[in-house]
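Heads up, the thing below is written out as structure tokens.
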Amino acid sequence: MLRQIITALGLLGLSTLTLAADAVAQTEKQATNWHAIIMFCIFVAMTMGITYWAASRTKSTSDFYTAGGGITGFQNGLAIAGDYMSAATLLGLTAMVYTQGYDGYIYMLCFFAGWPIILFLMAERLRNLGKFTFSDITAYRLDQGKVRTMAAISSLTVVCFYLIAQMVGAGQLIKLLFGLEYNTAIFAVGILMMVYVTFGGMVATTWVQIIKACMLLSGGTLVMFLAMSEFGFSFTNLLEKATAVHKLGDKLMYPGALLKDPVTAISLGLGLMFGTAGLPHILMRFFTVTDAKEARKSVLYASGFVAYFFNVIFLMGLAGILIVGQNPEFFEGGTVGGKLVGGGNMVAMHLAKAVGGNMLLGFLAAVAFATILAVVSGLALAGASAISHDIYARVIMKGQASEATEIRVSKIATICLGAVAIVLGILFEKQNIAFMVGLAFGVAAAANFPVLILSMYWKGLTTRGALFGGYGGLISAVLFVLFSKSVWVDVLGNKAALFPYTQPALFAMPIAFLLAYVFSKSDSSVRARQEIDAFEDQYVRAQTGFGAASASNH
Amino acid sequence: MSSAMYERMRANPKFTELVARRGRFAWTLAFIVLAMFYGFVMVVAFNPLSLGQPIAEGSKVTVGVAVELFMFIFFWALTAVYVKRANGEFDALTQEIVKEAWKENK
């Protein structure tokens, strides 16, 4: 029998956790899927070739962290879209539309709406001020040692939680899709990731991301196209048939349980919107392009791909209601309306099989594996750069480290992070780790984002304010999640949650902003005066890009 | 040297113009997106039934689906509008400012 610890449905309505919840549900090993394994091996061979090529081009720290700043806006747009669309997006959101209809679509809009804001308010300044990590910006005119340490700690917190969620999700999915052992899957993901990042740095990571984004977009489009052909490419026709058979009936196209509580709705919206703008592996991508012009183009392309793909997923989920939901072959024991073979997450996979046979199923499974691998590599690189660039080179060596040693440290850091990811992935196999993605977004929105945006926009921010704001946001986001139902009740087994909401952003973000404001305003030291004066030059650079780190020549 | 450059750029009236024009444009667009998005979230939270109405008599397509599809397209169109203006008009102005600061430097 297939076990599932989380029957996602209840959780589906509540939070980001859901996406992960569904993707990381306990699964049973399936028969070995050779189509998928062969296609995945082709992907690995291709990306290894690229890594080999990239290794010869990765010499300086700038090559390692930001691919020498020579990625074009279009390439970077694809890579950002790749970073942002994980396996949970493909599988979890399709499943959500399949069970909840319109609610899944609302969720996707929440994921999308942050991108225009990032473009209007952040993209340009990020590129103009930053070099390798976003701490370069927060520490631009503040105390290097203290502020960088704070930013690196919150970056690593985000990276670790996100990594655990991805690793456990990877193990479960691969067990399900490929029929490999859980531990084998974890080791495969961890080791491949280490190879990509240590040898190929950002060049290889970017290309892995680009290839994977193309595979994901084309695979999804193909499945959607084949599925829609069964309904004469008519959306109205599809909707009529879907509402006729779905158990929600006409309510399928109504907002349901997902956002019925306004506090949760706003908190979720804030968390997803500003969490995106505080994820270190996404922010890092802005430093890989030549200039602000290309940074803006990256967001244009990335948001275009993301918006397009979300609409594809919406159609896939709806088509799945008829093509998968009415076919006894995909239900355990052959009873339509019972439990789906492999769990609720498998809608996209079953749909691929129904419209394109085993070949398409294999392709989509390989895409899911590739997706996890690419996201994990991006995360590892972001974590490694926080350790080597921020902590080692700037805080410990005070900028005196040579490029060669800095790269060596980041490679060692990558291997350590990979090892940690493998160990934690194995330790957390049977745990309900659904809260970790929510925590990662919560910390990103409450610890990284407020200090980052204030440092770019508010002249009055001082080191003291940044430290209180950053640590305050970090601690409060972690505590809110710890005391919420998803950890306090579901994981720790207490009776009632101490904090009544599942989303921390609405509460933790104001705390961070308030602390940063109060402790900056009350800071009357000489040092604070100098920091405020230094804003002038930073401001001109942010606006004009004069003095910004430029693309290195190969 | 570089600090002097920054000072000269800042003193240039074109810099004030750039910052004012680009800032106004970016914040206007950001305000439109935020107002529409959180307005939509509010409707979802307080009046979900209004989104469930069919767009036409007998149609299964609801207002909610139409509104959301519109927002996906509209938000993306806004990003395109911003990129077009920033990469053209604003970047040209920025280059002038930098060039003029160099000239004074000599």
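The values are calculated or read from the model by the stated rules, or taken from the named source; none is laboratory data. What you see is a predicted model, and the numbers here were worked out from it, not measured in a lab. Here Cβ is always computed from backbone atoms with ideal geometry, including for glycine, and neighbour counts include all displayed protein chains.
The table below gives the values:
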| quantity | calculated |
| --- | --- |
| Matching entry among B:78, B:93 (being within 9 Å of chain A (Cβ to nearest Cβ) and under 23 Å from the mean Cα position of the chain (by Cα)) | B:78 |
| Residue within segment B:58-73 that is more than 25 Å from residue A:107 (Cα to Cα), more than 10 Å from chain A (Cβ to nearest Cβ) and at pLDDT 90 or above present | no |
| Failed criterion for residue A:200 (all others in (1) away from chain B (no Cβ under 14 Å); (2) at pLDDT 90 or above hold) | (2) |
| Selection status of residue B:94, over 20 Å from residue B:28 (Cα atoms), hydroxyl-bearing (Ser, Thr, Tyr) and assigned to a helix (DSSP H, G or I) | yes |
| Among the residues listed as A:499, A:513, the single one being aromatic (Phe, Trp, Tyr), away from chain B (no Cβ under 14 Å), part of a helix (DSSP H, G or I) and surrounded by 15 or more Cβ atoms within 10 Å (Cβ to Cβ) | A:513 |
| Residue in segment A:310-317 that is touching a His at 6+ places or on another chain (Cβ under 8 Å), in contact (Cβ under 8 Å) with a residue 12 or more places away in the chain, closer than 30 Å to residue B:68 by Cβ and more than 11 Å from chain B (Cβ to nearest Cβ) present | no |
| In segment A:448-495, residue surrounded by the fewest Cβ atoms within 10 Å (Cβ to Cβ) [restricted to those that are under 27 Å from residue A:530 (Cα atoms) and among the polar types (S, T, N, Q)] | A:463 |
| Check on residue A:160, touching a residue at least 60 places away in the same chain (Cβ under 8 Å) and more than 14 Å from chain B (Cβ to nearest Cβ) | yes |
| Residue satisfying all of: in segment B:28-57; in contact with a helix residue (DSSP H, G or I) (Cβ under 6 Å, 6 or more places away or on another chain) and over 25 Å from residue A:274 (Cα atoms); nearest to the other protein chains (Cβ to nearest Cβ) among these | B:51 |
| Some residue of segment A:330-337 being in contact (Cβ under 8 Å) with a residue 40 or more places away in the chain and either β-branched (Val, Ile, Thr) or closer than 28 Å to residue A:82 by Cβ (or both) | no |
| Candidate set: segment A:222-236, residues that are touching a helix residue (DSSP H, G or I) at 6+ places or on another chain (Cβ under 6 Å) and closer than 30 Å to residue A:378 by Cα; chosen: the one surrounded by the most Cβ atoms within 10 Å (Cβ to Cβ) | A:223 |
| Among the candidates A:251, A:247, residue that is touching a residue at least 40 places away in the same chain (Cβ under 8 Å), more than 10 Å from chain B (Cβ to nearest Cβ), of a type in the set (Lys, Arg) and surrounded by fewer than 18 Cβ atoms within 10 Å (Cβ to Cβ) | A:247 |
| Cβ pairs under 6 Å, 6+ apart, first in segment A:292-304 and at the interface with chain B (Cβ under 8 Å from one of its Cβ atoms) and under 16 Å from residue A:548 (Cβ atoms), second surrounded by 21 or more Cβ atoms within 10 Å (Cβ to Cβ) and polar (S, T, N, Q) | A:292/A:128 |
| Complete set of residues in segment B:1-25 that are part of a helix (DSSP H, G or I), modelled with pLDDT under 85 and more than 7 Å from chain A (Cβ to nearest Cβ) | B:4 |
| Yes/no for residue A:62 being hydroxyl-bearing (Ser, Thr, Tyr), within 30 Å of residue A:264 (Cα to Cα) and either away from chain B (no Cβ under 14 Å) or buried (at least 24 other Cβ atoms within 10 Å of the Cβ) (or both) | no |
| Among (1) part of a loop (DSSP other than H, G, I, E, B); (2) under 21 Å from the mean Cα position of the chain (by Cα), the one test that residue A:474 misses | (1) |
| Segment A:516-534: number of residues that are within 14 Å of another protein chain (Cβ to nearest Cβ) and either outside any helix (DSSP H, G or I) or under 32 Å from the mean Cα position of the chain (by Cα) (or both) | 1 |
| Test: residue in segment A:320-339 that is within 14 Å of another protein chain (Cβ to nearest Cβ) and in a helix (DSSP H, G or I) | yes |
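Conditions tested, residue by residue: (1) more than 30 Å from residue A:193 (Cα to Cα); (2) modelled with pLDDT of 90 or more; (3) in contact with a strand residue (DSSP E or B) (Cβ under 9 Å, 6 or more places away or on another chain).
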position: A:221; (1), (2), (3): no, yes, no
position: A:225; (1), (2), (3): yes, yes, no
position: A:229; (1), (2), (3): yes, yes, no
position: A:235; (1), (2), (3): yes, yes, no
position: A:243; (1), (2), (3): yes, no, no
position: A:249; (1), (2), (3): yes, no, no
position: A:263; (1), (2), (3): yes, no, no
position: A:269; (1), (2), (3): yes, no, no
position: A:272; (1), (2), (3): no, no, no
